[in-house]
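**Student:** First the structure, which I've put down as structure tokens, then a few questions once you've had a look.
The values are calculated or read from the model by the stated rules, or taken from the named source; none is laboratory data. In this text, all values refer to a predicted model and were calculated from it rather than measured experimentally. Please note: Cβ atoms are built from the backbone with ideal geometry, for glycine as well, and neighbour counts cover all protein chains shown.
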């Protein structure tokens, strides 16, 4: 037999053995070629379980000093800017703002961060939202810069201050706008409303 024929036969035997081995269950070659299965993405979470509690107070204090507080008293919402009572309160808009606290959806968590200031979450730059609930619990959240992609804001839930989360921008925009756009019925709308005939 020629040397080249012997080499070809040996290679065929090796390939045949490898093929036979790969057909066996739980073989190392198939496992290596298959790779590690990628787990499905986790469902997005929320800062608090949606619709589990009723917000009875909400306050927002922005880094520039603008602030507002809403409180549910005697089945009506009151609004204050600092110590100034704001009237008349648009009850539906105040209710909607408080309801927005239930929709603070977490998009992701920031890994390996070192400086809160990089995310606008230091004392000088963060906006602070506080909400109180009917069961006596509360939620305090520091809100920092928007993300580079514009999909969310960097946030610290102060019950877990060592984590930086990314929370959906749409969920927070309405809350962050409250100090500049309080839920108050504009006086020009009130003046244009017909008065009931006596």
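**Student:** Given 72, 99, which one is part of a helix (DSSP H, G or I) and either over 15 Å from residue 181 (Cβ atoms) or modelled with pLDDT of 95 or more (or both)? Outline the logic, then answer.
**Tutor:** Values: 72 fails: part of a helix (DSSP H, G or I).
Result: 99 is the single residue among 72, 99 that is part of a helix (DSSP H, G or I) and either over 15 Å from residue 181 (Cβ atoms) or modelled with pLDDT of 95 or more (or both).
**Student:** Being touching a strand residue (DSSP E or B) at 6+ places or on another chain (Cβ under 7 Å) and more than 24 Å from residue 157 (Cα to Cα), is that true of even one residue in the stretch 90-98?
**Tutor:** Scanning the stretch 90-98 turns up at least one residue that is touching a strand residue (DSSP E or B) at 6+ places or on another chain (Cβ under 7 Å) and more than 24 Å from residue 157 (Cα to Cα).
**Student:** Moving to a separate point now. Do we have residue 33 as at pLDDT below 85 and surrounded by fewer than 10 Cβ atoms within 10 Å (Cβ to Cβ) here? Steps first, please.
**Tutor:** Numbers: at pLDDT below 85: yes; surrounded by fewer than 10 Cβ atoms within 10 Å (Cβ to Cβ): yes.
In short, yes.
**Student:** For residue 111, indicate whether it is out of contact with any helix residue (DSSP H, G or I) (no Cβ under 9 Å at 6 or more places or on another chain) and at pLDDT below 95.
**Tutor:** Yes; evaluated as a whole, the condition is true for this residue.
**Student:** May I pose another question? Against the condition at pLDDT 95 or above and over 29 Å from residue 54 (Cα atoms), how does residue 190 come out, does it pass? Let's see the steps before the verdict.
**Tutor:** On the way: at pLDDT 95 or above: no; over 29 Å from residue 54 (Cα atoms): yes.
So residue 190 fails the test.
**Student:** Moving to a separate point now. Please tell me if residue 79 is modelled with pLDDT under 75, outside any loop (DSSP other than H, G, I, E, B) and at negative phi.
**Tutor:** Working: modelled with pLDDT under 75: no; outside any loop (DSSP other than H, G, I, E, B): yes; at negative phi: yes.
In short, no.
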